[in-house]
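What follows is a short report on a single structure.
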Amino acid sequence: MPETPPRTIIFDIGRVLIRLNIPRAQAGLAKGLPLSPEELWNAIERDPRWQDWQEGRMSPQDWHINLCSRLGVGLNFEEFKKVWNEVLEPEPIHPSSFFKGLSKHYKLGLLSNTDPIHVEKMESSYDFFNYFPASTRTYSCAVGCSKPNALIFREALRACKARAEDSVYIDDIPAFVDTARQWGLRGIVFQSSAQLRKDFAAMGIEFQD
């Protein structure tokens, strides 16, 4: 018997719904520092407070102070927020009509490792968020855990009021898709818009552009 189509579709955000321009943010943060942009970004991701930042145990102001004191970032808080958000490309990967069509037949959710600065910027800048109810948006900084921790998948299912077997998760990182599958969700590794639509069609998911 073929599987029935999922009732709930949960998306990652970065590189699945929004393109990322890491070099642009790197250059802005590293301006005036002896470190190259790549060295600075590597140091940020290895920062001992990185997970606290991603999981909501630090305020944006404290994260800014931490990077200024540890790495010498020379931006005031407002400048820092602007540069931090430079990683987000303004043009989304999919048109809003894609999500409008999906929302007529499926419950839509978000599951993302992200921080409050990016959340504020994304939710105010991209129209497609209108098709994701606020209650179904699961952010690591809001729930206190991050992928690949299986607990965040449980939180996403709870937020969507969905069963794992009735849900599909889309992410560009194969390891995170594997965790979703271990939790009982179907999974799609995102590579391109065309590939996603082929995978949706194979699952019997109705969509339109």
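The values are calculated or read from the model by the stated rules, or taken from the named source; none is laboratory data. These numbers come from a predicted model, not from an experiment. Glycine also receives a Cβ, built like all others from the backbone with ideal geometry; neighbour counts cover every protein chain displayed. Note: accessible area is taken over every heavy atom of the protein model, side chains too, but ligands, DNA and RNA are not part of it. Shrake-Rupley method; radii C 1.70, N 1.55, O 1.52, S 1.80 Å.
Scan [x] 61, 32, 26; [y] 48, 35, 35; [z] 95, 52, 38 for the value of Cα extents along the principal axes in Å calculated from this model and give just the label.
[x]
Starting from the Cα-Cα distance between TRP50 and ALA202, subtract it from 0.36 nm times their residue separation and give me the gain in nm to one decimal.
50.9 nm
Counting only pairs 8 or more residues apart or on different chains, how many lysine pairs in region 1-144 have their Cα atoms under 17 Å apart?
Total qualifying Lys-Lys pairs in region 1-144 comes to 4.
Could you do me a favour and compute the accessible area per residue for region 117-209, 1.4 Å probe, result in Å²?
Value returned for region 117-209: 48 Å² of accessible area per residue.
Scan the chain and hand back the longest stretch that contains none of the GluC sites (Glu not before Pro) lying in DSSP loops with at most 16 other Cβ atoms within 10 Å.
After excluding every exposed loop site, the longest remaining stretch is 4-205.
Which translational diffusion coefficient, to the nearest whole µm²/s, is obtained for region 1-99 from the Stokes-Einstein equation, given a Kirkwood hydrodynamic radius over C-alpha pairs, 25 °C and 0.890 mPa s?
157 µm²/s
For a quick check of understanding: with a 1.4 angstrom probe and all protein chains in place, what accessible area in square angstrom does THR179 have, to the nearest ten?
The value for THR179 is about 20 Å².
What Kirkwood Rh does region 61-138 have if only Cα atoms enter the pairwise 1/r average? Answer in Å. Could the numbers behind the result be given before it?
Values: mean 1/r = 0.0691 Å⁻¹.
Evaluated over region 61-138, this radius sits at 14.5 Å.
Below 8 Å between Cα atoms, with a sequence gap of 6+, how large is the relative contact order for region 114-161 in percent? Walk me through the intermediate numbers first.
Values: 28 pairs, mean separation 17.2, N = 48.
Relative contact order for region 114-161 comes out at 36 percent.
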